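The values are calculated or read from the model by the stated rules, or taken from the named source; none is laboratory data. None of these values were measured; they are calculated from a predicted model. Note that we place each Cβ from the backbone using ideal geometry, even for glycine, and neighbour counts take in every protein chain shown.
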Amino acid sequence: MSFFSTIPAVLLAAFFLLAPVRPASAAGGGGSVDTNFDCYGCHSKKEITPWIARTWLESLHAKKGVKCPDCHGSHDEGFKSPKFTKLPGPDKCMPCHPTKVKETMASKHGGVTKCTSCHIRHSFSLKVAMDPKICMTCHQGSPHVQEYGRSKMGVVYDAEGPGNSATCQTCHMPDFIHNVGLTIEKKELMLKVCNQCHSASFVGTALTSGTFKDHW
Ligand code: HEC
Ligand code: HEC
Ligand code: HEC
Ligand code: HEC
Ligand code: HEC
Ligand code: HEC
Ligand code: HEC
């Protein structure tokens, strides 16, 4: 643990703003993060957007050197004006995550979700994206979804975590696939998912009987 990692990010930022010479590297722990650039220096001030600066600082993006302008460009009319043309859409993720963007666009999620529907700004935390509750911010209507929470799988997930049970993401986004329709279209892929936990004959019956919902 380094000295810096014990200091809250906001204080740390204030320190660097006041200090005559700002070190290029600020974060402790996993990797070193460069915070010595205009966007961070200004946005980390408590009267601007300190939460945004801190959640970015804690993200994997920050550790890998992906900075505000990579997604946002710059203030179109200079830093004195808060004016932007628009907030970033998936086109800004495209250069670095082309497969995820294409898969999302090819599914029913194309045009109806944003990347930030599941990947909260600015931590882009996978822990949040993998929580079934994030899906339920939109999916509430169908009996299939409503029953999940009270199904044994849902109860085991709540009690023991993702390792021992299936979530929406396990069945609809296996292997990081962002086309959520794929395992519905191709039943053999869904069977492969079930097979990670159950016997083929057990889930075969559950899936092909056409009453999967009744099994929750
Ligand atoms: C000198 C201070 C300053 C600097 C430097 C600065 N900003 Fe800002 N920025 C602001 C202020 C002030 C706002 C308006 C905040 C508000 O509305 O509460 C803002 C707003 C924004 C917004 C929100 C726009 C919207 O429509 O909601 C984004 C995105 C943003 N800045 C990104 C950046 C990026 C990227 C950089 C670096 C290229 C940067 N800023 C540099 C002060 C700054
Ligand atoms: C990996 C891409 C990415 C990076 C890096 C990034 N942002 Fe963002 N930012 C986004 C996205 C996406 C949104 C939300 C767009 C939406 O949901 O419509 C957003 C929204 C915002 C907003 C407006 C929303 C709000 O809650 O006020 C501000 C201000 C902002 N970012 C500033 C920054 C600053 C400052 C940095 C660097 C410290 C930064 N961003 C780094 C992608 C990024
Ligand atoms: C300039 C390139 C770049 C841009 C632009 C970018 N990313 Fe990333 N992103 C990365 C890198 C590099 C990683 C780390 C990959 C690794 O090392 O595994 C990453 C990781 C991620 C992760 C995984 C985070 C984690 O904690 O595991 C998510 C989610 C993500 N990006 C979403 C987005 C979204 C959404 C956008 C657009 C708003 C975006 N990224 C824009 C380069 C970028
Ligand atoms: C154990 C695997 C599994 C889990 C967990 C799961 N699903 Fe499904 N889902 C399926 C299967 C299989 C279908 C295909 C239709 C059927 O057989 O009922 C489906 C169909 C769907 C559909 C399209 C049809 C409909 O009923 O609306 C949506 C949307 C959906 N699931 C969302 C979700 C969400 C959101 C969650 C989490 C709350 C979830 N699913 C949890 C396996 C699962
Ligand atoms: C419906 C929710 C959802 C949407 C929308 C979504 N993602 Fe994801 N994303 C996830 C989940 C869940 C994971 C974790 C892995 C998994 O279960 O597939 C993930 C993982 C990732 C990762 C990390 C993959 C890796 O290999 O480490 C990246 C990068 C990413 N998403 C980018 C994006 C981009 C870019 C967009 C917008 C085009 C996007 N995601 C839209 C749910 C979503
Ligand atoms: C921002 C809202 C939103 C979020 C968040 C969201 N979805 Fe969706 N999802 C939709 C909409 C809208 C549709 C299209 C419904 C339709 O066309 O019937 C859809 C469709 C689907 C389908 C049906 C695909 C098909 O081809 O039939 C599945 C499966 C699905 N979502 C799974 C998920 C999972 C898993 C998550 C969480 C990781 C999630 N969704 C998060 C809005 C959302
Ligand atoms: C990551 C592991 C995992 C995956 C993947 C998984 N399940 Fe399950 N399943 C569970 C757990 C945990 C339970 C609850 C344990 C019990 O019933 O004893 C369960 C229970 C069931 C039950 C019995 C429910 C009851 O009330 O007795 C059925 C049917 C079932 N799963 C079908 C499926 C189908 C079909 C798939 C694929 C679409 C699937 N499961 C994928 C972990 C999983």
(message) Checking His139 against (1) without any contact (Cβ under 8 Å) to a residue 40 or more places away in the chain; (2) under 25 Å from Trp56 (Cα atoms), only one condition comes out false. Which one?
(response) (2)
(request) Would you point out the residue of segment 144-187, among those that are at positive phi and assigned to a helix (DSSP H, G or I), that is surrounded by the most Cβ atoms within 10 Å (Cβ to Cβ)? (result) Phe176
(message) Condition check: aliphatic (A, V, I, L, M) and within 14 Å of ligand 7 (Cβ to nearest atom). Does Val156 satisfy that?
(response) yes
(message) Filter segment 109-143 down to the residues that are more than 16 Å from ligand 2 (Cβ to nearest atom), loosely packed, with under 12 Cβ neighbours inside 10 Å and over 16 Å from the mean Cα position of the chain (by Cα) and list them by number.
(response) Gln140, Gly141, Ser142, Pro143
(request) Only residues that are among the basic types (Lys, Arg) and modelled with pLDDT of 95 or more: list them for segment 47-85, please. (result) Arg54, Lys63, Lys64, Lys67
(request) Run down Pro90, Pro50 and say which single residue is within 16 Å of ligand 6 (Cβ to nearest atom) and touching a helix residue (DSSP H, G or I) at 6+ places or on another chain (Cβ under 6 Å). (result) Pro90
(message) Consider segment 144-169. How many of its residues are in contact (Cβ under 8 Å) with a residue 24 or more places away in the chain and within 7 Å of ligand 4 (Cβ to nearest atom)?
(response) 6
(request) Residue by residue through segment 142-159, note down the ones that are touching a Gly at 6+ places or on another chain (Cβ under 9 Å) and over 30 Å from Trp56 (Cα atoms). (result) Glu147, Tyr148, Val155
